[in-house]
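What follows is a short report on a single structure.
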Amino acid sequence: MRYLIISDIHGSLPRLERALKYYERGNFDMLLILGDILNYGPRNSIPEGIDAKGIVARLNPLAKDIVAIRGNCDAEVDQMLLEFPIMSTYTLLVDEGRRIILTHGHVYAPGNMPPGHFDAVFYGHTHLWKLEKENDTLICNTGSITFPKGGNPPTLATLEDGLVTVRTLPDDEHPEGTVLKEMEI
């Protein structure tokens with residue numbers, strides 16, 4: 001399976017369009033969304049191209065291919081518009097025997113995880129990308145496609161055959177994005 005993993009869209013349709021263009025061109029099997037989908041959040045500025053209805057119109061046709069979890073800016077009213085579940089604070093994904101937890105980072109994050117063993121943890125929330133190993137667990141923060149922090153570019157992650165890659169959000173000049181770091185689970 002090929003997974004595209006994004007977080008912190010925060011209502012920006014142009015940024016989502018760039019990610020979806022990469023998703024469609026890359027023949028990914030699933031889109032994993034780690035929260036903060038429609039709402040820009042009161043602590044953020046209003047993003048370029050804010051369009052919650054446009055995001056709904058783009059994501060709902062992909063509903064069968066999406067696994068999403070709830071971010072701190074996602075609400076029940078958002079769920080009423082989206083045709084895939086978003087209200088769980090975490091989801092366990094099992095890929096080729098690897099136990100992977102998907103979460104936003106505001107409830108569960110490295111250092112505060114639900115019980116159990118996980119081979120990998122994917123989260124967002126901080127808008128700062130990270131890819132490292134802690135003990136035997138791969139930790140990946142995908143960063144944000146809309147509001148990156150720390151001077152970082154917009155980022156996302158991919159997972160294929162146990163290889164996790166963090167890359168810049170693709171654009172017309174760099175249709176694959178720029179690889180920032182890769183690591184095996």
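The stretch between Glu96 and Leu81 holds 2.2 nm of extra length on full extension. This uses 0.36 nm per residue minus the Cα-Cα distance. Averaging the sequence gap over all C-alpha pairs within less than 8 Å and six or more residues apart, then dividing by the number of residues, gives the chain a relative contact order of 22 percent.
The relative contact order of the range 1-84 comes to 36 percent, based on Cα pairs under 8 Å that sit 6 or more residues apart. Loop-located trypsin sites (Lys or Arg not before Pro) in the range 33-73 (DSSP state other than H, G, I, E, B) with a sparse environment of at most 11 neighbouring Cβ atoms within 10 Å: Arg43. By definition, a body whose alpha carbon gyration tensor gives a ≥ b ≥ c is oblate when a/c is 1.5 or more and a/b is not larger than b/c, and the range 66-151 fits this oblate description. The fraction of accessible area contributed by carbon and sulfur in the range 30-173 is 51 percent, rounded to a whole number (1.4 Å probe; ligands and nucleic acids excluded). Listed values for the range 122-133 are Karplus-derived 3J(HN,Hα) couplings in whole Hz (6.51 cos²θ - 1.76 cosθ + 1.60, θ = phi - 60°), namely 10, 8, x, 6, 7, 6, 10, 5, 7, 8, 7, 9, and x replaces Gly and Pro.
Helix content alone sets the calculated 222 nm mean residue ellipticity of the chain: runs of n ≥ 4 DSSP H residues at -39500 (n - 2.57) each, divided across all residues, give -4000 deg cm²/dmol.
For the range 52-166, the solvent-accessible area works out to 43 Å² per residue, with a probe of 1.4 Å and every protein chain left in place. Given the alternatives (i) 23.0, 78; (ii) 16.4, 49; (iii) 14.8, 43, Rg and Dmax of the Cα atoms in Å as computed for this entry is given by (iii).
Each pair of Cα atoms in the range 144-185 enters the Kirkwood radius, and Stokes-Einstein at 25 °C and 0.890 mPa s then converts it into a translational diffusion coefficient of 228 µm²/s.
The values are calculated or read from the model by the stated rules, or taken from the named source; none is laboratory data. Since this is a predicted model, take the numbers as computed values, not measurements. No Cβ is skipped: glycine too gets one built from the backbone with ideal geometry, and neighbour counts run over all protein chains shown. What goes into the accessible areas is simple: the full protein's heavy atoms, side chains included, and nothing from ligands, DNA or RNA. Shrake-Rupley method; radii C 1.70, N 1.55, O 1.52, S 1.80 Å.
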